[in-house]
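To start, the structure under review is shown below, and the notes come after it.
The values are calculated or read from the model by the stated rules, or taken from the named source; none is laboratory data. Predicted, not measured: the structure shown is a model, and the values here were computed from it. Note that each Cβ is placed from the backbone with ideal geometry, even for glycine, and that neighbours are counted across all protein chains shown. The area values use the complete protein model at the heavy-atom level, side chains included, leaving out ligands, DNA and RNA. Shrake-Rupley method; radii C 1.70, N 1.55, O 1.52, S 1.80 Å.
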Amino acid sequence: MQTIDNFNFAGKKAFVRVDFNVPLDESFNITDDTRIRAALPTLKKIIGDGGSVIIGSHLGRPKGVEEKFSLKHILGHVSKLLGVDVQFANDCAGEEAASKAAALQPGEALLLENLRFYAEEEGKPRGLAADATDEEKKAAKKALKEKQKEFAKRLASYADCYVNDAFGTAHRAHASTAIMADDFDADHKMFGYLMEKEVIAVEKVMKDINRPFTAIMGGSKVSSKIEIIENLLSKVDNLIITGGMTYTFTKAQGGKIGNSIVEDDKLDLALDLIKKAKANNVNLVLAVDAKIADKFSNEANTKFCKVSEIPDGWEGLDIGPETEKIYADVIKKSKTILWNGPTGVFEFENFTHGSRSVGEAIVEATKNGAFSLVGGGDSVACVNKFDMADKVSYVSTGGGALLEAIEGKTLPGIAAVKGESY
Ligand code: AMP
């Protein structure tokens, strides 16, 4: 497989798919530029080699051409960070884009307008009548698939090589994230640095596992994590199931959970997961005590109690001190750690203690040589909140993409670059 480090971009035009889907305020100021910064090493390497870059990205979820989702809002900031006066094409697939791409000189950069202004990018038909039949929907999708290939070819025609650095959209088989890779041979398509790092981090927890391997799955609902939990049961030595999911397990085992969050239709599933863990020799670690509150609020009255003895009118909003200790002991003995989801309602200051203690244990294990991967929206917010991002081995930038990878699914964005099917 070709790699960005081995490729000499001198005199070459590279189409770089990035994820510049950054948050903007009402005046179109970027409120968090992490995603742009994350792509800089790749863009700078290409330009430094004497190549030129054609940058493609999406922004938001436009339903067509929508001014508020224009990438021109971020052009100035991208130029500033890259240190190059980046040109802009008002359309990603029109004449302007093609001619500006053709005229690019070594060291220059061109930002294309939002790829999702075209339905072809995602391959999802737009503007179907509300009462469209299934047949009509199918026909529209099929027609769009053909146009999607043409769209991908058009994007590919601008460049000599293709670099995918958008891990955040790697789980989507979109024109620019996967399909256009088919238009380049194996020597002319590769991952960018960010994507490379993400792929290596995922492989460390999915393939090259150093044991013991502990996964900490938190968050609110079992239903949203079920596929990941099932996949992890065949991989991990220890599985800590925590956060709001705790109470579904507690109730399933006959415990009293008061008003705690619960999925009553998932009680059997919880029992089934407990059985599967046993059958797979996985040490399933559940909370033994909870920090309970008399309302869902940071200002609630609180106390600690056994997780299976929560009084009526109270709800568990975080783990208790005994549980913290049990989790920390398991985590500190681990050599590979995956953390997804908080132990409680960490958005409320009074219920952050458990998540922080998990973070601290992970930091300590990492110091002692463990590989730790933190990923999935809320746990990233946790490590940032606790200033731990640079004390764990890797913080993934791709929420949905990371979760799908952990579920064991093939990510089209990765497979397409490797020339594998997806
Ligand atoms: P998820 O998006 O499924 O990863 O869940 C993250 C959310 O779960 C966060 O917003 C937490 O506030 C929430 N959460 C964690 N523990 C609890 C709990 N005990 N009760 C209610 N919500 C919780």
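What is the sum of charges, Lys and Arg at +1 and Asp and Glu at -1, for the other residues whose Cβ falls under 11 Å from the Cβ of A181?
On the way: positive: R17, K189, K418; negative: D182, D183, D185, E420.
Summing Lys/Arg as +1 and Asp/Glu as -1 gives -1.
Mind checking the dipole of the range 348-403: about its Cα centre, +1 per Lys or Arg Cβ, -1 per Asp or Glu Cβ, Debye to the nearest 20?
Numbers: 4 positive and 6 negative charges, 18 e Å.
Computed about the Cα centre, the dipole is about 80 debye.
Once you list every other residue whose beta carbon is under 11 Å from the beta carbon of G219, what net charge do they have if Lys and Arg are +1 and Asp and Glu are -1? Each step should come with its number before you reach the end.
Details: positive: K221, K225; negative: D378.
Net of charged neighbours comes to +1.
Which far-off residues, 5 or more places away or on another chain, put their amide H under 5 Å from the one on F9, with H placed in the peptide plane?
For F9, no residues qualify.
Scan the range 60-162 for GluC sites (Glu not before Pro) in coil per DSSP, keeping those whose Cβ has at most 15 other Cβ atoms within 10 Å, and list them by number. Mind showing how you got there, number by number?
On the way: sites: E66, E67, E95, E96, E108, E113, E120, E121, E122, E135, E136, E146, E150; in loops: E66, E108, E113.
Sparse-neighbourhood loop GluC sites (Glu not before Pro): E66.
Write down the percent of antiparallel bridges among all DSSP beta bridges whose residues are both part of the range 13-191, to the nearest 5.
Working: 1 of 19 bridges.
Close to 5 percent.
Compute the signed sum of charges (Lys and Arg +1, Asp and Glu -1) over the other residues within less than 13 Å, Cβ to Cβ, of D25. Can you show the working numbers first?
Working: positive: K68; negative: E26, D32, D33.
Local charge sum for D25: -2.
Do you know the relative contact order of the range 176-265, to the nearest whole percent, from alpha carbon pairs under 8 angstrom that are 6+ apart? Can you show the working numbers first?
Numbers: 68 pairs, mean separation 21.7, N = 90.
Here the relative contact order equals 24 percent.
Taking the Cα-to-Cβ direction at D268 and at F304 and moving 7 Å from each Cα, how far apart do the two end points lie in nm?
So the two model labels end up 3.8 nm from each other.
Out of H353, S396, A370, whose Cα points farthest toward the positive end of the dipole of the chain (charges: +1 Lys, Arg; -1 Asp, Glu; placed on Cβ)?
A370
Give the residue list of GluC sites (Glu not before Pro) in the range 280-346 that are DSSP loop and have at most 15 other beta-carbon atoms within 10 angstrom.
In loop regions of the range 280-346 (DSSP not H, G, I, E or B), the sparsely surrounded GluC sites (Glu not before Pro) are E299.
Please work out the Cα center distance from the range 331-347 to the range 214-289, rounded to the nearest Å.
For the range 331-347 versus the range 214-289, the Cα centre distance is 14 Å.
How far apart, in nm, are the 7 Å Cα→Cβ label points at D134 and D5?
5.1
Relative contact order of the range 13-191: what whole-number percent is it, with Cα pairs under 8 angstrom and at least 6 residues apart?
Working: 317 pairs, mean separation 47.2, N = 179.
Reported as a whole number, the value is 26 percent.
Relative to the compact-globule scaling 2.2 N^0.38 Å, provide the ratio for the alpha-carbon radius of gyration of the range 113-162. Walk me through the intermediate numbers first.
Details: Rg = 13.1 Å, N = 50, 2.2 N^0.38 = 9.7 Å.
This ratio for the range 113-162 stands at 1.34.
Rounded to the nearest 0.05, what FRET efficiency is calculated for E347 and S224 with R0 set to 25 Å and r the Cβ-Cβ distance?
Values: r = 17 Å, r/R0 = 0.69.
E between E347 and S224, to the nearest 0.05, is 0.90.
In deg cm²/dmol and to the nearest 500, what is the mean residue ellipticity at 222 nm of the chain if only DSSP H runs of at least 4 residues count, each as -39500 (n - 2.57), divided by the residue total?
Values: 14 runs with 155 residues, N = 422.
That calculation yields -11000 deg cm²/dmol at 222 nm.
Once you have the Cα-Cα distance between A279 and K63, take 0.36 nm times their residue separation minus that, and quote the gain in nm to one decimal. Display every interim value, and only then the final one.
Details: separation 216, 0.36 × 216 = 77.76 nm, distance 4.78 nm.
Full extension of this stretch gives 73.0 nm more.
Taking all protein chains in place and a 1.4 Å probe, what share, in percent, of the accessible surface of the range 72-218 do carbon and sulfur account for? Display every interim value, and only then the final one.
Values: 3290 of 6520 Å².
About 50 percent, which is the carbon plus sulfur part of the accessible surface.
List every residue whose amide H lies under 5 Å from the amide H of C305, counting only residues 5 or more places away in sequence or on a different chain, with H placed 1.01 Å from N in the peptide plane.
A290, I292
Taking 2.2 N^0.38 Å as the expected size of a compact globular protein, what ratio does the Cα radius of gyration of the chain give against it, to two decimals?
Numbers: Rg = 23.7 Å, N = 422, 2.2 N^0.38 = 21.9 Å.
Dividing the Cα radius of gyration by 2.2 N^0.38 Å gives 1.08.
Set the Förster distance to 41 Å, then compute FRET efficiency between F296 and D160 from the Cβ-Cβ distance, nearest 0.05.
Calculated value: 0.15.
List the residues, sorted by chain then number, that are 5 or more residues from F88 or on another chain and whose placed amide H is less than 5 Å from its amide H.
Hits under the 5 Å cutoff: L111.
Please give the charge dipole size of the range 307-422, origin at the Cα centre, charges +1 on K and R Cβ atoms and -1 on D and E Cβ atoms. Round to the nearest 20 debye.
Numbers: 10 positive and 17 negative charges, 148 e Å.
Result for the range 307-422 is approximately 720 debye, rounded to the nearest 20.
About its Cα centre, what dipole magnitude does the range 80-139 give when the only charges are +1 on Lys and Arg Cβ and -1 on Asp and Glu Cβ, stated in debye to the nearest 20?
Numbers: 7 positive and 13 negative charges, 45 e Å.
In debye, rounded to 20, the range 80-139 gives about 220.
Go through the range 409-420 residue by residue and turn each phi into a ³J(HN,Hα) via Karplus (6.51, -1.76, 1.60, θ = phi - 60°); whole Hz please, and just put x for glycine and proline.
7, 7, 8, x, x, 7, 4, 4, 5, 6, x, 9
Against the longest principal axis of the chain, how steep is helix 72-82, in degrees 0 to 90 to the nearest 10, with axes from Cα atoms?
Orientation of helix 72-82: about 90 degrees from the principal axis.
Once you've got the Cα coordinates, tell me which of K141/K409; K44/K124; K235/K367 are over 30 Å apart. Can you show the working numbers first?
Values: K141/K409 23 Å; K44/K124 33 Å; K235/K367 23 Å.
Pairs exceeding 30 Å: K44/K124.
Write out the chymotrypsin sites (Phe, Trp or Tyr not before Pro) in the range 1-93 meeting two conditions: DSSP loop, and at most 13 other Cβ atoms within 10 Å of their Cβ.
F28
Tell me, what HN-Hα J-couplings in whole Hz come from the Karplus equation 6.51 cos²θ - 1.76 cosθ + 1.60 at θ = phi - 60° for each residue of the range 320-333, using x for Gly and Pro?
The phi angles translate into x, x, 5, 5, 3, 5, 4, 4, 4, 4, 5, 5, 5, 8 Hz.
Applying the Karplus parametrisation 6.51 cos²θ - 1.76 cosθ + 1.60 with θ = phi - 60° to the phi angles of the range 224-235, what ³J(HN,Hα) value in whole Hz is obtained for each residue in order, glycine and proline being reported as x?
7, 10, 4, 5, 5, 4, 4, 5, 5, 4, 9, 10
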